[in-house]
Amino acid sequence: MSWLRRILAVGWIAARQLRSDRTRTLFAVLGVTLAVLSVTLLAGVGAGVAETGSEAFEQSGRDLWVSGGPIEVSPGAVGGFQNPISDAHALSSEIGSHEDVKLASPLAFQVVYVSPDGEEFDTIMGSGVPGASQASLSFSSGEGFVGDPHYADGEYTGEMTYEAIVSPEMAIKYDLEVGDTVHVGGTLQTAREHEYEVVGISPTFENFLGTGTVTIPLAEFQTLTGNAYDDRATIVTVQLVDGADPEAVREDLAARHPSYTFRTNEEQLVETVERQAVILAAGTSLVALGVVAGGALALNLLLSIVYVQRETLSVLRAVGITRLGVIGVAVVQALAIASLGYLLGAGATPALAAVIDRAAFAVTGFEGLVRVPGYAYAAGAAVAFGFALLGGVIGAIRVTRFTATNEFLQ
């Protein structure tokens, strides 16, 4: 049982030494905590962004996304930019004729003016969808508009429904319910002249775009925003028949329509995330800096704790404790600090993740952008105990060299 007594003695000495310099011990624990938080919160942001994006695309009920290039800034156009797809109805009809395509729907997005009373106007993201696309919308109230009769036989000459779907955010902001009216238009003049009845409240586009929206039939939206002349849309969404292979259909449609880009849900998500590459890179760099800074702080303080004990450890060495015993004392101290730091960091992670998530929601409008997965805690533990062991071992080596030098000089 001598080995057990040695282990207990090493633990007792390590604890005694940590209590003797509580301030330095506290700073070391906080350094480890910072490193753990940096890792867990970074992983939480990465996992949250990926999961939120995947959920948004899955909820859309679409399998392929067709784009005609980047949205062009056009100072003279309504809303300040021009939608990239022209002849959207014709393109959707051609895509819809594919044997594996169930539905192809052009969608248009544009900043529009809205007002509940026709007096004071705000800008909000507007969307235009064909009547058939309403099947993919979820409603918390109402049922949505019936169809899109304004687009008749290839012309924008049919009657306008003057029916609109608003998002929950917009409904709350303007105190709107089904049956109320709201003015909508691409310019202030057109908004004053066109009053729409709210026929539904749907969170679908709000969840997808991250902001409040107003949705009206596509042809009417194109007319109000100046996109009817050449039938412009932002994107065409494609829903496939059951059992169809999205990859195979994408390749086939891309060959038939080489001027357009066809993407699956996963590819569209990657494209969307890559547009934020600078922001993501900056965020990653800051968190990486946090990991390095926290780890360096913890390592430095752990080394300092061992180093300031060099004389005490030299005395222990002189009274018969082996070099392995001295190393054991340093390692036990490091592991104790790592354990406390990890517990603090892991315990604070959920609360801090919730705070960051609320801040992200306030900025982006998306919920759930910070979700800390289980592997994040494992990674935090690896950083905490990795730096701790490194500091303990290096510190112990330095101390044993110091004691060896003293022995030589004596």
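The values are calculated or read from the model by the stated rules, or taken from the named source; none is laboratory data. Worth saying up front: this structure is predicted, and the values here are computed from it rather than measured. Glycine also receives a Cβ, built like all others from the backbone with ideal geometry; neighbour counts cover every protein chain displayed.
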Being of a type in the set (A, V, I, L, M) and touching a Ser or Thr at 6+ places or on another chain (Cβ under 7 Å) is the filter; apply it to segment 215-255 and report the residue that is surrounded by the fewest Cβ atoms within 10 Å (Cβ to Cβ).
I235
So V198 clears everything in (1) over 32 Å from the mean Cα position of the chain (by Cα); (2) buried (at least 17 other Cβ atoms within 10 Å of the Cβ); (3) not in a helix (DSSP H, G or I) except one condition, right? Which one?
(1)
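Condition check ((1) of a type in the set (K, R); (2) surrounded by 15 or more Cβ atoms within 10 Å (Cβ to Cβ); (3) in contact with a Pro (Cβ under 8 Å, 6 or more places away or on another chain); (4) in contact (Cβ under 8 Å) with a residue 12 or more places away in the chain) across all residues:
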position	(1), (2), (3), (4)
V112	no, yes, no, yes
T123	no, no, no, yes
L137	no, yes, no, yes
E143	no, no, no, yes
V146	no, no, no, yes
E155	no, no, no, no
Could you list all residues from segment 235-265 that are in a loop (DSSP other than H, G, I, E, B) and either small (G, A, S) or out of contact with any Gly (no Cβ under 9 Å at 6 or more places or on another chain) (or both)?
V241, D242, G243, A244, D245, H257, P258, S259
Would it be correct to say that T403 is at pLDDT below 75 and buried (at least 18 other Cβ atoms within 10 Å of the Cβ)?
yes
